[in-house]
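The values are calculated or read from the model by the stated rules, or taken from the named source; none is laboratory data. In this text, all values refer to a predicted model and were calculated from it rather than measured experimentally. No Cβ is skipped: glycine too gets one built from the backbone with ideal geometry, and neighbour counts run over all protein chains shown.
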């Protein structure tokens, strides 16, 4: 091979080496620039994975439950959502497993807990808010069974768990004797006024209510808890303490993110329409007139509808209880007698509605 050809080949080889080196430098420069850009975007949160709930509504299969359960307890929001009807929940979009709705025919096994305001004392027929609420739920095609160890008021389905003069911790104690047997899927709590009237544990009402709610959710784990603020009170010097208890309850609801708990606003101070006013309270300064009780019933109905809308309502435990609390009841005027709760028995009226332990009515 001639010297000229060898020189020519060396020349072309040098050119290719130069081009390869230039291309490598260009590629390396591009990768460095791209890396710098990506790091900058990540630092400014422009590029972040979407960790939000892609299906905020969720479904009845409870598929969105993990959205609430996977939140770190220190990162959960303390904000609340309040509807135009004065119903407050924590801000989570969480839904429990096995959730359903009134429209789907979920039986509502409702236990009303509290004191004389829940019993409906001083109302016509001693029905208080319960008949108004029950009638409204029936009109929504909801199967309703009111449950409890007590019967009170001139209505067939008049079971409840309420005792005159009870404070928050006292009705909690009563509940421990009956809730495990009946397993309600809806609890309605209206209590706290006696803490004020007796001037006892007023500053602990919220703390005691929290322990009460936590117990109910744990022992009846398909349940939704609706607790309410206290009504306005015209007894001398009581209203400031009523406002104190109510504020404790409004702060408490913030703790129940990812829990089926709602606060029903009963007091007019928050500006919501159709709350019992001072003019709707009877002469004793504490118990409402019939009209005031009717407003309470409507508020509780709205609260149950809100629980439905949020997907909180779950099918109750099958334990022999009727879906309709009037089934099997004779056409009678309900009695006003009370029997003390027992850890081993339920009163005969309640046992007529369900065979809880033996499988047959007594």
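From the residues in the range 92-101 that are part of a loop (DSSP other than H, G, I, E, B) and in contact with a helix residue (DSSP H, G or I) (Cβ under 9 Å, 6 or more places away or on another chain), which one is surrounded by the fewest Cβ atoms within 10 Å (Cβ to Cβ)?
Keep residues of the range 92-101 that are part of a loop (DSSP other than H, G, I, E, B), which gives 92-98, 100-101.
Checking the rest, the ones that are also in contact with a helix residue (DSSP H, G or I) (Cβ under 9 Å, 6 or more places away or on another chain) come to 92-97, 100-101.
Values: 92: 20, 93: 17, 94: 24, 95: 25, 96: 23, 97: 14, 100: 17, 101: 17.
Here the answer is 97.
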Completion exercise
Those helices (runs of 4 or more DSSP H) completely within the range 186-255 that have 2 or more residues that are surrounded by fewer than 18 Cβ atoms within 10 Å (Cβ to Cβ) and at pLDDT 95 or above are 205-219, 239-252
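Residue-wise test of (1) at pLDDT 50 or above; (2) within 21 Å of residue 179 (Cα to Cα).
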| residue | (1), (2) |
| --- | --- |
| 304 | yes, yes |
| 309 | yes, no |
| 333 | no, no |
| 340 | no, yes |
| 350 | no, yes |
Practice task
Would you mind telling me which numbered condition in (1) in contact (Cβ under 8 Å) with a residue 40 or more places away in the chain; (2) in contact with a strand residue (DSSP E or B) (Cβ under 6 Å, 6 or more places away or on another chain); (3) farther than 24 Å from residue 224 by Cα residue 286 fails?
Solution key: (2)
Practice task
Output the residues belonging to the range 125-157 that are within 19 Å of residue 299 (Cα to Cα), touching a strand residue (DSSP E or B) at 6+ places or on another chain (Cβ under 6 Å) and not in a helix (DSSP H, G or I).
Solution key: 142, 144, 145, 146
Exercise for the section: Name, by its number, the condition in (1) within 22 Å of residue 92 (Cα to Cα); (2) at pLDDT 95 or above; (3) surrounded by 17 or more Cβ atoms within 10 Å (Cβ to Cβ); (4) in contact with a strand residue (DSSP E or B) (Cβ under 8 Å, 6 or more places away or on another chain) that does not hold for residue 266. Expected result: (1)
Exercise for the section: Answer yes or no: is there a residue in the range 102-113 that is more than 16 Å from residue 325 (Cβ to Cβ), at pLDDT 95 or above and part of a loop (DSSP other than H, G, I, E, B). Expected result: no
Problem - Residue count, the range 158-173 (criterion: touching a strand residue (DSSP E or B) at 6+ places or on another chain (Cβ under 6 Å), touching a residue at least 60 places away in the same chain (Cβ under 8 Å) and not in a strand (DSSP E or B)) - result: 1
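Yes or no, residue by residue, for (1) crowded, with 24+ Cβ neighbours inside 10 Å; (2) more than 28 Å from residue 246 (Cβ to Cβ):
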| position | (1), (2) |
| --- | --- |
| 90 | no, no |
| 103 | no, yes |
| 108 | yes, no |
| 113 | yes, no |
| 119 | yes, no |
| 125 | no, yes |
| 138 | no, yes |
